[in-house]
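Peer 1: Once you've had a glance at the structure underneath, I'll fire off some questions.
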Amino acid sequence: MTVVGCGYTGRRLLQRCLDTRRDFFGTVRSADAADRLRAAGAGAGILDLDQPGDALPPEWTAQRTLIYMAPPPDTGETAPRFRACLARITALPESVVYLSTTAVYGDTGGRTVDETTPAAPASARGQRRLDAEHALRDWGIATGVAVRILRVPGIYGPGRLPLERLRSGAPVARAGETGPGNRIHVDDLAAVSLVAADYPGAEIVFNVGDGDHRGMDEYFRAVARLAGLPAPPELPLEELLAQVSPAMRGFLVESRRVDTTRMRAVLGFEPRYAAMEDGIAASLEA
């Protein structure tokens, strides 16, 4: 398989492939990153989709699964990197798996969304991912290549816990002031990406997640407790929103409960870390 944008999640996927002796080729943006992939036992190539370029080498894509994990730009409402990648494919892969975001659903006031819920992104971040989804669907129809879209919530795992934020005494919202949460441990995301790559059926879109819908305030408190840190101070939500980054603000103000029944029933995938305490503990031990 070929993973475009072999960053945090891609490296965890690489380990799974090495453990099962599955072929792996990753694209990155620098020579140093490519050297690190090769040192880990993977094939590697350099690809910068922000720059004009030739067609992708046929050996990168021909009769392979392509999993696209590269993030979109930080601004705008379109996905030029992903569209550039599709335009540069000349040797068709067997399938393409695209990691999108549950932000395409926008804010539902805490109501449940599933794959039949109309997309209504409330942020440019969600709109960029939705543009990529549209591009992939159109490309799949035009080429006949099977396409899969995974709508991914917040990712956590080793090296991705809010430990520094907690150590600095940063506040969280008061209990009950944020809506339901949606998360997935990075190792579960890597695992379900492989399952989606091998899925032979007709469904295109899958929500993925651990099914643990406790809010972000509870997540931060659980990390603090399991890491042996003081519980974070609390602020009213409106005061907290004035202090956080735009990305964090999106997580706090957009509220929805993401249903992952299709992931379980159709893909047959059950997350290893269905309770956030289990995933946090494993991340701290790693």
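The values are calculated or read from the model by the stated rules, or taken from the named source; none is laboratory data. Treat the numbers as computed from the prediction; the structure is a model and nothing was measured. Note: ideal-geometry Cβ built from the backbone for every residue, glycine included; neighbour counts use all protein chains shown.
Peer 1: Would it be correct to say that Val205 is β-branched (Val, Ile, Thr), out of contact with any Gly (no Cβ under 9 Å at 6 or more places or on another chain) and under 29 Å from Pro118 (Cα atoms)?
Peer 2: For Val205, the condition - β-branched (Val, Ile, Thr), out of contact with any Gly (no Cβ under 9 Å at 6 or more places or on another chain) and under 29 Å from Pro118 (Cα atoms) - is met.
Peer 1: Moving to a separate point now. Suppose we filter Glu115, Glu164 for residues that are part of a helix (DSSP H, G or I) and over 24 Å from Leu47 (Cβ atoms); which single one remains?
Peer 2: Unique residue meeting the criteria: Glu164.
Peer 1: Looking at segment 51-60, can you tell me whether even one residue there is under 25 Å from Glu254 (Cα atoms), touching a Lys or Arg at 6+ places or on another chain (Cβ under 7 Å) and in contact (Cβ under 8 Å) with a residue 24 or more places away in the chain?
Peer 2: no
Peer 1: Considering every residue within segment 104-111, establish whether at least one is at pLDDT 95 or above, surrounded by fewer than 17 Cβ atoms within 10 Å (Cβ to Cβ) and closer than 27 Å to Ala222 by Cα.
Peer 2: Yes, there is a match, as at least one residue in segment 104-111 is at pLDDT 95 or above, surrounded by fewer than 17 Cβ atoms within 10 Å (Cβ to Cβ) and closer than 27 Å to Ala222 by Cα.
Peer 1: For residues that are buried (at least 22 other Cβ atoms within 10 Å of the Cβ), closer than 27 Å to Val3 by Cα and not small (Gly, Ala, Ser), tally how many sit in segment 156-185.
Peer 2: Adding up the residues that qualify gives 5.
Quick grid of which residues meet (1) modelled with pLDDT of 95 or more; (2) over 21 Å from Asp187 (Cβ atoms):
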residue: Thr2; (1), (2): yes, no
residue: Gly10; (1), (2): yes, no
residue: Ala44; (1), (2): yes, yes
residue: Asp54; (1), (2): no, yes
residue: Gln63; (1), (2): no, yes
residue: Ala79; (1), (2): yes, yes
residue: Arg83; (1), (2): yes, yes
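Peer 1: A further question on this structure: Determine which member of the set Val244, Val266 is in contact with a strand residue (DSSP E or B) (Cβ under 9 Å, 6 or more places away or on another chain) and either of a type in the set (A, V, I, L, M) or under 30 Å from Arg148 (Cβ atoms) (or both).
Peer 2: Going through Val244, Val266 in turn, just one is in contact with a strand residue (DSSP E or B) (Cβ under 9 Å, 6 or more places away or on another chain) and either of a type in the set (A, V, I, L, M) or under 30 Å from Arg148 (Cβ atoms) (or both): Val266.
Peer 1: Could you pull out the residue among Ala44, Ala34, Ala103 that is in a helix (DSSP H, G or I) and without any contact (Cβ under 8 Å) to a residue 60 or more places away in the chain?
Peer 2: Just one listed residue meets the conditions, Ala34.
Peer 1: For segment 180-235, which residues satisfy the criterion of being in contact with an Asp or Glu (Cβ under 9 Å, 6 or more places away or on another chain), assigned to a loop (DSSP other than H, G, I, E, B) and under 20 Å from Val147 (Cβ atoms)?
Peer 2: Glu203, Ile204, Val208
Peer 1: Scan Ala275, Ala286, Ala242 and give me the residue that is surrounded by fewer than 14 Cβ atoms within 10 Å (Cβ to Cβ) and either under 30 Å from Gly201 (Cα atoms) or touching a residue at least 60 places away in the same chain (Cβ under 8 Å) (or both).
Peer 2: Ala286
Peer 1: Okay, next question. Ala70 - would you say it is on the phi < 0 side of the Ramachandran plot, assigned to a loop (DSSP other than H, G, I, E, B) and under 22 Å from the mean Cα position of the chain (by Cα)?
Peer 2: yes
Peer 1: I've got another one for you. Looking at Val266, Val258, Val253, which one is surrounded by fewer than 17 Cβ atoms within 10 Å (Cβ to Cβ) and out of contact with any Leu (no Cβ under 9 Å at 6 or more places or on another chain)?
Peer 2: Val266 is the lone residue from the list that is surrounded by fewer than 17 Cβ atoms within 10 Å (Cβ to Cβ) and out of contact with any Leu (no Cβ under 9 Å at 6 or more places or on another chain).
Peer 1: Checking Asp217 against (1) of a type in the set (D, E, K, R); (2) free of Cβ contacts under 8 Å to residues at least 60 places away in the same chain; (3) buried (at least 17 other Cβ atoms within 10 Å of the Cβ); (4) under 25 Å from Arg22 (Cβ atoms), which single condition isn't satisfied?
Peer 2: Asp217 satisfies every listed condition except (4).
Peer 1: Name the pairs: first residue in segment 73-90 and assigned to a loop (DSSP other than H, G, I, E, B) and crowded, with 19+ Cβ neighbours inside 10 Å, second residue modelled with pLDDT of 95 or more and among the basic types (Lys, Arg), Cβ to Cβ under 9 Å, at least 6 apart or on different chains?
Peer 2: As it stands, the answer is Ala79/Arg128; Ala79/Arg129, since those pairs meet every condition given.
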